[in-house]
1. Every residue in the stretch 7-32 that is β-branched (Val, Ile, Thr) and farther than 10 Å from Val54 by Cα, please.
2. Determine which member of the set Glu15, Glu57 is modelled with pLDDT of 95 or more, touching a Phe, Trp or Tyr at 6+ places or on another chain (Cβ under 6 Å) and charged (D, E, K, R).
3. Select from the stretch 52-82 the residues that are surrounded by fewer than 11 Cβ atoms within 10 Å (Cβ to Cβ) and either among the polar types (S, T, N, Q) or part of a strand (DSSP E or B) (or both) and list them in ascending order.
4. How many residues are surrounded by fewer than 16 Cβ atoms within 10 Å (Cβ to Cβ), hydrophobic (A, V, I, L, M, F, W, C) and part of a strand (DSSP E or B) when one looks only at the stretch 1-51?
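The values are calculated or read from the model by the stated rules, or taken from the named source; none is laboratory data. Computed from a predicted structure; not experimentally measured. So basically every Cβ, Gly included, is an ideal-geometry build from the backbone, and we count neighbours across all protein chains shown.
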Amino acid sequence: PLLLDDPAAVVLGKEPVYVDGVPAGYVTSAAYGYTVGRCVAYAWLPVLAAGTGVSVEYFGEKVGATVADEPLFDPEMRRIRC
């Protein structure tokens with residue numbers, strides 16, 4: 001998944017994704033993740049390491065995003081064990 005860097009930014013789907021300024025794929029689906037406080041987007045992209053910065057073009061503007069590992073919420077499973 002991609003996490004948008006700006007907590008106020010939201011994308012919807014079908015937006016192009018750029019890696020190093022070159023189009024590399026597109027967003028398949030996205031929604032605001034209330035538990036992580038950012039928009040979460042899934043995209044068809046080449047394999048990228050977690051932490052890699054990419055850009056998503058939304059209405060002509062490029063919005064920064066970061067490749068993330070899953071699960072996004074409670075990866076250490078601390079809440080489930082309470």
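1. Step one: list which residues in the stretch 7-32 are β-branched (Val, Ile, Thr), which gives 10-11, 17, 19, 22, 27-28.
Those that are β-branched (Val, Ile, Thr) and farther than 10 Å from Val54 by Cα: Val10, Val11, Val27, Thr28.
2. Numbers: Glu57 fails: touching a Phe, Trp or Tyr at 6+ places or on another chain (Cβ under 6 Å).
On inspection, the qualifying residue turns out to be Glu15.
3. Passing the criteria: only Glu61.
4. Going through the stretch 1-51 one residue at a time, the tally reaches 3.
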